[in-house]
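> Dropping the structure in here first, questions after.
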Amino acid sequence: MREIRRWPAAELAGRIKKREIKAGEAAAAYLEQLRTAEPELNSFITVDEEGAMAQADRIQALVDRGEDAGPLAGVPVAIKDNLCTRGLGTTCASRMLADFVPFYEATAVERLRAAGAVILGKTNMDEFAMGSTSETSAFGPVKNPWNTAHVPGGSSGGSCAAVAAGQSLCALGSDTGGSIRQPSSYCGVVGLKPTYGTVSRWGLVAYASSLDQIGPIARNVEDCALLLQAISGGDRRDSTCLGREDTDFAAGLTEDVRGLRIGIVSDYFDQGLDEQVASAVRRAAGILQRQGALVEETALSLAEYAVPAYYTIACAEASSNLSRFDGVKYGYRAGAQEGLHAMYRRTRTEGFGTEVKRRIVLGSFVLSSGYYEAYYEKALRVKALIVKAFDEALSRFDLLLGPVSPTTAPLLGNTGENPLQMYLSDIYTVSVNLAGLPAISLPCGLDAEGLPIGLQLIGRRFGEQTILRAARAYEKACGGFALSPMAERGQEAAGSEEGRKRDEKSPDGTEGKGGMPA
């Protein structure tokens, strides 16, 4: 077997179109690694082997007939389990939706299929995307492929772990307050949160509608750009989705950052940031500076207010969005109860997990009579000030640079008894969602325990091309990003039949040095 799992998305799709390999071979290679790693990781809730192979066969039929099979022809992709998939379970990692099978498909998933991607299955996550560790899932916690004693981050932990472990080449996640970027940081992969409205939210089970955004997760920057390109664009079914025309994101990967103005957010380097994380992020800034970027420090202000404002707004919207899960229309329903309200109460008590119930209660409180003005309305004012602070900073800089999370991935079970600790892990990411801006997480090194550290680049609204350009330049300067130990073991197994020799046409820069310069 050739080392199919080493090839990036564009190369894999190209080889399939040239008939060097078959789409079914690519799907089978990833499904093999998925089965091998899954008992250790628990990164998937549903694996659709039969459906994936059928999709691969359809792609191959198009190729064999000489028809256009799409830019992602045969590329294996995993989908976070809060995105609806027609005929395939969508659980949101909750008992409430454990048996829910949608009869429709999310726009982002539709567009991936139209681009030729092969959907391998649905990934595990924090229940209803509420969490930062992927431990609140009703189907058990996800584990980090770099060290399974640690969390992968959340809420898109299953998607990031799957990509990091080589179970899938790319994945989709959702980002409400850092739920793509933070687990990407913990798992050593590339994760992009687009500008709000760039990707349709139709078919995404809502957590906080004004903050949620679907985005791509991949092993390198180009694959991230290709995936975002495939899922972007207007959608009449989502009134918040913008009909952007500047969605050729791969075209801007010039690797040239000369003259680009980058501001290091000094507020993010105050007390609470791990020294190893701070050093790695500053080294990354130095690499970009040596590539020709103009790097200097800047103050953003209001960083300390971002977390309380975010959780006030997000929980308020969650309490409204999750009110639809009442045991009447669909989803879980408790056994026979005396009266409608008793049925509601029992259904929600049994169907929702602890963290979801905590956020519903908090959201209902801040929206209640007498507290609305004191909490929710005040949080909206703070949000407006955060937007203004970002606008002012980004009028002077093309990009802002900082860490993704204060630490590397914590141990499993470390945050369960202290939800505030979990909330504070989002301190550098939530303000981006409040402002509706695009941001990316990139690997920028490993700590003393061998766990990945993430670098965050934040851009102007609709500035994804600039973010991707800088990210690609950094990736190139580092010689690529490292694979997790679990993915490396899978690569060795994949190459064993040929003496583990690299195929002469395979790329040589995908192993990298963990985001550090070669």
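The values are calculated or read from the model by the stated rules, or taken from the named source; none is laboratory data. Quantities reported herein were computed from a predicted structural model and do not represent experimental measurements. Positions of Cβ are generated from backbone atoms using ideal geometry, with glycine treated the same way; all protein chains shown enter the neighbour counts.
> Would you call residue 457 in a strand (DSSP E or B), closer than 11 Å to residue 404 by Cβ and out of contact with any Gly (no Cβ under 8 Å at 6 or more places or on another chain)?
yes
> Any residue in segment 158-176 that is more than 26 Å from residue 6 (Cα to Cα), among the small types (Gly, Ala, Ser), crowded, with 24+ Cβ neighbours inside 10 Å and in contact (Cβ under 8 Å) with a residue 12 or more places away in the chain?
Scanning segment 158-176, I find no residue that is more than 26 Å from residue 6 (Cα to Cα), among the small types (Gly, Ala, Ser), crowded, with 24+ Cβ neighbours inside 10 Å and in contact (Cβ under 8 Å) with a residue 12 or more places away in the chain, so the answer is no.
> Run down 353, 331 and say which single residue is touching an Asp or Glu at 6+ places or on another chain (Cβ under 9 Å), under 13 Å from residue 94 (Cα atoms) and either modelled with pLDDT under 95 or surrounded by fewer than 16 Cβ atoms within 10 Å (Cβ to Cβ) (or both).
After ruling out the rest, the residue left standing is 331.
Residues checked against (1) among the polar types (S, T, N, Q); (2) surrounded by fewer than 17 Cβ atoms within 10 Å (Cβ to Cβ); (3) under 23 Å from residue 189 (Cβ atoms); (4) touching a Ser or Thr at 6+ places or on another chain (Cβ under 7 Å):
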residue	(1), (2), (3), (4)
378	no, yes, no, no
392	no, yes, no, no
400	no, no, yes, no
412	no, no, yes, no
425	yes, no, yes, yes
431	yes, no, yes, no
448	no, yes, yes, no
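> If residue 119 satisfies every condition in (1) within 13 Å of the chain's Cα centre (by Cα); (2) touching a residue at least 40 places away in the same chain (Cβ under 8 Å) but one, which is the exception?
All conditions are met except number (1).
> When the residues of segment 274-298 are narrowed to those that are charged (D, E, K, R) and outside any loop (DSSP other than H, G, I, E, B), which ends up farthest from residue 428 (Cα to Cα)?
That would be 290.
> Of the conditions (1) without any contact (Cβ under 8 Å) to a residue 60 or more places away in the chain; (2) more than 30 Å from residue 477 (Cα to Cα), residue 197 fails just one. Which one is it?
(1)
> Pairs under 6 Å by beta carbon, first residue at negative phi and assigned to a helix (DSSP H, G or I) in segment 218-240, partner of a type in the set (Phe, Trp, Tyr) and surrounded by 24 or more Cβ atoms within 10 Å (Cβ to Cβ), six or more apart or different chains?
Going by the 6 Å Cβ cut-off, the qualifying pairs are 225/249; 228/249; 229/249.
> Considering only helices (runs of 4 or more DSSP H) fully contained in segment 299-379, which possess at least 3 residues that are β-branched (Val, Ile, Thr) and in contact (Cβ under 8 Å) with a residue 60 or more places away in the chain?
Counting at least 3 such residues, we get 303-321.
> Given the condition more than 30 Å from residue 128 (Cβ to Cβ) and either in a loop (DSSP other than H, G, I, E, B) or under 20 Å from the mean Cα position of the chain (by Cα) (or both), answer yes or no: does some residue in segment 79-87 qualify?
Checked segment 79-87: no residue is more than 30 Å from residue 128 (Cβ to Cβ) and either in a loop (DSSP other than H, G, I, E, B) or under 20 Å from the mean Cα position of the chain (by Cα) (or both).
Listed here are the residues, each with its yes/no results for (1) buried (at least 20 other Cβ atoms within 10 Å of the Cβ); (2) at pLDDT 95 or above; (3) within 21 Å of residue 226 (Cβ to Cβ).
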{"position": "11", "(1), (2), (3)": "no, yes, yes"}
{"position": "14", "(1), (2), (3)": "no, yes, yes"}
{"position": "27", "(1), (2), (3)": "yes, yes, yes"}
{"position": "30", "(1), (2), (3)": "yes, yes, yes"}
{"position": "35", "(1), (2), (3)": "no, yes, no"}
{"position": "41", "(1), (2), (3)": "yes, yes, no"}
{"position": "44", "(1), (2), (3)": "yes, yes, no"}
{"position": "50", "(1), (2), (3)": "no, yes, no"}
{"position": "54", "(1), (2), (3)": "no, yes, no"}
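> Here is a check on your reading of the model: is residue 58 among the basic types (Lys, Arg) and either buried (at least 17 other Cβ atoms within 10 Å of the Cβ) or in contact with an Asp or Glu (Cβ under 9 Å, 6 or more places away or on another chain) (or both)?
no
> Another question, then. Take residue 112 and tell me if it is hydrophobic (A, V, I, L, M, F, W, C), surrounded by 23 or more Cβ atoms within 10 Å (Cβ to Cβ), under 17 Å from the mean Cα position of the chain (by Cα) and in a strand (DSSP E or B).
No; evaluated as a whole, the condition is false for this residue.
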